[in-house]
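Read through the structure below, which is laid out as structure tokens, and then see the notes.
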Amino acid sequence: MTRVLEVENLRVSFPDGSGRRFRPVDGVTFTLDRGETMALVGESGCGKSLTSLALLRLIPPPGRIEPDSSIRLGGTDVLGLEGNALRQIRGRRIGMIFQDPMTSLNPVLRVGDQIGEGIRAHFPVSKAEARERSLRLLQEVGIPDPGSRLDAYPHELSGGMRQRVMIAIALAAEPEILVADEPTTALDVTVQAQILEVLDRLRSSRGMAVLLITHDLGIVAGRADRVAVMYAGQIVEEAPTARLFANPSHPYTQGLFASVPRIRGPARRLTPIPGSVPPATAWPSGCRFRPRCLKAFDKCVMEPPLLPIEPGHRARCWLAETPR
Amino acid sequence: MGRWLLQRTAQALVTLAIACVLMFFLMRLAPGDPLARLSEDRPLTPAQVEALRARFGLDRPIGAQFTSFVGALAQGDLGTSIQYGRPVTALLAERIPATLLLGGAVLLLNFTVGVWLGVRQAVRRGGAADTTLTLFSLAGYATPSFWLALVLAWLVGVKWHLLPAAGMEDPLLDPGAGWVTHAVDVGRHLVLPALTLSIVSIAGTMRYQRSAMLEVLRLPYIVTAEAKGLPERAVIWRHAWRNAFFPVLTIFGLWLPLLVTGSVFVESVFAWPGLGSLAVGAVGYRDYPLLMGTSLLVAVVVVTGSLVTDLAYGFLDPRVRLS
Amino acid sequence: MTVLLEPLRRAWRTPRGRAGVLVLLAIAVVVIFSPPLLPDPLAQPDPIGGASLAPSIAHPFGTDQLSRDVLSRVAVGGRVSLAVAIIAVGLSITLGALVGLVAGYWGGLVDAALMRLVDAALAVPRLFLLLLVLAMSERVPVWALVLLIGATGWFGTSRIVRAEVLRLREESYVRASEALGASRRRVIFRHLLPNTLGPLLVAATLGVGDVILLEAGLSFLGLGIQPPAPSWGGMILDAREVLVTAPWAGLFPGAAIVLTVLSANLVGDAVRDAVDPRAA
């Protein structure tokens, strides 16, 4: 398995208005292999979107990536790139799909042009050739009658079609990695499955690695090979999907599973996780989940590292030290 | 689209009609005798004054004056200028080109330099250039055009003797000289008035463009454009500016009255032979047919400008065009 | 009243807003209190030897071609300009609010007629409207000038107020009040008017700068404040003849205009940012 992406100790900081900086992404480490799908799961405010933006160095100023972070793409150090070299990464090696296709597409440019410019930014082809390729991309993402859609404006398409266009744009320069930030959140339930289907198909046909960012555990099952759960700027649990579902080990993950309403089985009370997500400007000291954790004990005032549960499965919890 | 155009045009015509009535009665209801000024300059016998009064229809009741005005207007007749003794329409036609030239130059500068500076400011927000330009635009906005005109006329025209500060052409220029020489001559005379008006108007254009750009640069599709690996130039101009230009376009409709007002002062100071200086002269002479004619023309320009702006907006924004 | 004070307070907190307020206050102080300490602005003590003198300790802003002290004329002229601006703007705001409220709330024919009138009035630049009236009149007394300027400045404000009223009319608390049988007058004054005070404040502060420029322009054309009363615009007009020999005669009144309008605009901008719900 070729390693395509290595992220180590990624920290993103923002000024908090009083001269200090806070870190919504605080020490994230993960890897991505060719052909695999990894899911980054967490609620809003946990830092998962910023993590994906960091990969492309798209953190909006005054935010910045802290110097002791490391992002390696193949052999290339992404954080050391500037100017043209950085442009070469964007779109060509990592393609990104954003959450809301209505606001993520330029309303005054035709859809075909928005795909075509992505192609021409990285390949020296003519406009006609780019148009040809855009047509094929639209076909690939499953848009019916792609020829007429090329000249459409975003507002003339349905939500599902717009998201397919976003996927086409992300694929335009044939990247090795596809980052999908909440690709289905803004869509109807019926359309969600279709979009995920498209992503799956493209991943295997093109041999890409996919980083799927979502808050919805339901999407993860059956689609992702591995899962990393994020909370308060850190990864708190990572495991192959099947293991995570069978044996969730971090109390937060357990809480997530417990709070999902179930259709089958006897009707029962919903069990939410008590308390609320802490703001990034004030991460709790020690284990960040401690204030909300029903299993917290005295050691939890110290911040736990990721501890092994089973092969390939780690959790950021002191309970992992206790043999089950 | 065609239907909307028709509606909009009809609306504009109604507005103009009401404006015309408004202006007519405003003028006539003002206290004072328009002929008083005329008799200040040259001694007239009471009989001559009465004859003049009859000639200009000033002895009739106001209702009758209005009906004959409208009647004449329908035939394209705007009356006769008291000051010049010639038809108002002819005077207006003579002076329009100079104002068009000046206005055109200022508009061009606004939509090139003004827009570009506003975009630059937004892209390098908070930088040294941004702060300086903001200061400049705040000051420019607060500067009276006639004062700036005098300052520039004095500095550039008189003290440094670089450019002419009066008129549109050099009266001593050989009339037989080629059109290039004439064009250059007019061009040299155009610089100061155009510069004055531009400084004051660009101040506002820059501000609007800057704030519109800042709004657009925050939007998600700009991140998408960057994520594609597009060069910065493409992101700024092809993606951001194409959307940020619309608010600037809409204020063009508001800008026109300001430009017209400014040109009154600037043309007056630089003796630029356009509609503005014509209006000022008419004011001095209490030449109400001429003043009325000029004001009417100005209203037509403003209303047309606003109509054209709406049209352009509808044409350029695909969301509006296709609905 | 807190509706009015809150935006002003927030405007004060921004550096630009504060600068604007401070400069305006300084100008007001100078203009109100300095004239008794300065030479008579109308006096021409030495028309031959004292004319067109460059700035000196005796005459910090120099003298004009009639040997009048420029500094004192700038100060006294400022009194008139500021007074005209404030009163005219007050008038415009009141008229605009009234028309906007009536048009927005009554709707129907009244609204249509009023808005058509506003459209027509906006088609003619304000300067021209004033030229039409002033050019035809004999010398216009200051109070009439103020009235005219005020009467030509309410069109835009009425549109803004009307838009606000239309929006507010649909708010649930207004509907509830109407359902409870509140009289029209009560609804207008209790619910609609307070919510329009924000935009009105913005229009007022930004309008002051506009009126100062307008009045100066009219005076420059000989239609505003009549001589020998000093006015900034009138001083610039007089300075035209001595542009070369005594540039200070026109420079200082112009600078005074720039400074005053600039600070008024700074305050106006800060207030607008404070009132705008989109500003975080």
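Coordinate-derived values only; no laboratory data. Note that the structure is predicted; figures quoted are calculated from it, not measured. When we count neighbours, we look across all protein chains shown, and the Cβ atoms used for this are built from the backbone with ideal geometry, even at glycine.
Using amide H atoms built in the peptide plane, which far-off residues or other-chain residues are under 5 Å from A:L307 H to H?
Those qualifying (amide H under 5 Å, at least 5 residues apart or on another chain) are A:A315, A:R316, A:C317.
Using +1 at the Cβ of each Lys and Arg and -1 at the Cβ of each Asp and Glu in the protein assembly as shown, identify which of C:F128, A:Q194, C:L201 lies farthest towards the dipole's positive end.
A:Q194
Taking 0.36 nm per residue of separation and subtracting the Cα-Cα distance, what length does fully extending A:T322 through A:F245 add?
Contour length minus Cα-Cα distance gives 25.7 nm.
What is the calculated FRET efficiency for C:Q65 to B:K159, with r their C-beta to C-beta distance and R₀ = 30 Å, to the nearest 0.05?
0.95
On the first, second and third principal axes, largest extent first, how far apart are the outermost C-alpha atoms of the protein assembly as shown in Å?
119, 69, 63
What does the net charge come to around C:P45 if you take all other residues with beta carbon closer than 11 Å to its beta carbon, with K and R at +1 and D and E at -1?
-2
Apply the Karplus parameterisation 6.51 cos²θ - 1.76 cosθ + 1.60, with θ equal to phi minus 60°, to every residue of the range C:212-218 and state each ³J(HN,Hα) to the nearest whole Hz, in sequence, with x for glycine and proline.
4, 5, 5, 5, 5, x, 5
Taking A:K48 as the anchor, which aspartates and glutamates have their alpha carbon closer than 17 Å to its alpha carbon, excluding any fewer than eight residues away along the same chain?
List returned: A:E6, A:E8, A:D26, A:E66, A:D100, A:D181, A:E182, A:D216, A:E237, A:E238.
In nm, give the distance between the simple-model label positions of B:F66 and C:A112, each being 7 Å from the Cα along the Cα-to-Cβ direction.
2.1 nm
Which one, B:V280, A:A172, B:F24, is farthest towards the positive end of the dipole of the protein assembly as shown when Lys and Arg carry +1 and Asp and Glu -1 on their Cβ?
Ranked along the dipole, the leading option is A:A172.
How would you order A:114-120, C:85-91 from highest to lowest mean count of nearby Cβ atoms within 10 Å?
Going from most to least packed, we get A:114-120, C:85-91.
Rounded to whole Hz and in sequence order, give me ³J(HN,Hα) for the range C:107-120 from the Karplus expression 6.51 cos²θ - 1.76 cosθ + 1.60, θ = phi - 60°, writing x for Gly and Pro.
x, x, 5, 4, 4, 4, 4, 4, 5, 5, 4, 4, 4, 5
Sort C:208-220, B:173-185 by packing, meaning the average of other beta carbons within 10 Å per residue, with the highest value first.
The densest-packed peptide leads the list: C:208-220, B:173-185.
Please report, in debye to the nearest 20, how large the charge dipole of the range C:196-280 is about its Cα centre when each Lys and Arg carries +1 at its beta carbon and each Asp and Glu carries -1 there.
40 debye
Charges only on Cβ, +1 for Lys and Arg, -1 for Asp and Glu: so what's the dipole of the range A:108-174 about the Cα centre, in debye to the nearest 20?
Dipole magnitude for the range A:108-174 comes out near 40 debye.
What does the structure give for A:99-109 when I average, per residue, the other chain Cβ atoms found within 10 Å of the residue Cβ?
Mean shielding count: 6.
Relative to the Cα centre, what is the charge dipole magnitude of chain A, using +1 at the beta carbon of each Lys and Arg, -1 at the beta carbon of each Asp and Glu, and rounding to the nearest 20 debye?
In debye, rounded to 20, chain A gives about 460.
Excluding residues on the same chain fewer than 8 positions from B:K159, give the lysines whose Cα lies under 22 Å from its Cα.
none
What is the antiparallel percent of DSSP beta bridges lying wholly in the protein assembly as shown, to the nearest 5?
The antiparallel fraction comes to roughly 60 percent.
Using a Förster radius of 22 Å, what is the FRET efficiency between A:D68 and A:V277 based on their Cβ-Cβ separation? Nearest 0.05, please.
It comes out at approximately 0.30.
Testing the spin-label approximation: label points 7 Å from Cα along Cα→Cβ at C:Q226 and B:T131. State their distance in nm.
The modelled label-to-label distance comes out at 5.0 nm.
For the range A:1-69, build the charge dipole from Cβ charges (+1 Lys, Arg; -1 Asp, Glu) around the Cα centre, then report which of A:V28, A:G47, A:G63 sits farthest towards its positive end.
A:G63
So which aspartates and glutamates pass the test for B:K228, namely a Cα distance under 12 Å, with those fewer than 8 places away in the same chain ruled out?
B:K228 reaches A:E117, A:E174.
Let me check I've understood the local charge: for C:V70, count other residues with C-beta under 12 angstrom from its C-beta, Lys and Arg +1, Asp and Glu -1. What total comes out?
Here the charged neighbours net out to -1.
With each label point set 7 Å from Cα along the Cα-Cβ vector, what nm distance links C:L25 and A:S126?
7.1 nm
Counting only complete DSSP H runs, which helices of chain B cover 30 Å or more along their long axis at the Cα atoms and score a mean Kyte-Doolittle of 0.5 or above?
Qualifying helices: B:2-29, B:88-109, B:179-217, B:242-270, B:288-316.
Using 1/(1 + (r/R0)^6) with R0 = 22 angstrom and r between the beta carbons of B:T181 and B:A271, what's the FRET efficiency to the nearest 0.05?
0.55
Net charge near B:T131, counting Lys/Arg +1 and Asp/Glu -1 over other residues with Cβ under 11 Å of its Cβ?
That works out to +1.
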